[in-house]
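The values are calculated or read from the model by the stated rules, or taken from the named source; none is laboratory data. Being a predicted model, the structure only gives us computed values, none of them experimental. Every residue, glycine as well, gets a Cβ built from its backbone with ideal geometry; the counts of neighbours run over all protein chains shown.
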Amino acid sequence: MKETRRDLLAALNACEKSVSEGRGLEIVEDTTATIRFAQRYRAHFKHEDWEDEKKLRRDAVDVLVILRNIAEREDYIVEEPEKEIVRKWCREIRVRVDRDDDVRRQMWERAQSWMEGNWDGNEWGITPSHLPPPAQVNQLS
């Protein structure tokens, strides 16, 4: 999962760089690769928010339509509104990755606080609800 995240972030960097500095075909190639990494990332990191998932998919399809239009042009000319749509999509993917990082960080912190919590009387899975009442303990002795 770390590798998938790393690959996506590297692809996002390349995509954003090509949108700022590159030519048409380079933008098409880098953005297409980024969409593939974003799909792989979403497959690894599922979300409960279906509306957000649907929006991300719709936005990716919109970007793919733009890329197809660029690729069909003779000079691979990229218009500024098209670049802005790709930039916006990249920003939304970054926000999603940051949000996922926060969720994982919070889960880790909760697990860590549980592990480092007070375990007196709870060793080896024994909790007070599993102990016999004090009267039975005296009878067993």
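Kindly provide the set of residues from region 39-65 that are at pLDDT 75 or above, exposed (fewer than 13 other Cβ atoms within 10 Å of the Cβ) and over 14 Å from the mean Cα position of the chain (by Cα), ordered by number.
Lys54, Lys55, Arg58, Val61, Val65
Among the candidates Arg87, Arg36, Arg58, which residue alone is in contact with an Asp or Glu (Cβ under 9 Å, 6 or more places away or on another chain) and either hydroxyl-bearing (Ser, Thr, Tyr) or in a helix (DSSP H, G or I) (or both)?
After ruling out the rest, the residue left standing is Arg87.
Looking at region 66-102, which of its residues are of a type in the set (A, V, I, L, M) and surrounded by 12 or more Cβ atoms within 10 Å (Cβ to Cβ)?
Result: Ile66, Leu67, Ile70, Ala71, Val78, Ile85, Val86, Ile93, Val97.
Output the number of residues of region 55-108 satisfying the condition of being under 17 Å from Lys2 (Cα atoms) and charged (D, E, K, R).
Within region 55-108, residues that are under 17 Å from Lys2 (Cα atoms) and charged (D, E, K, R) number 9.
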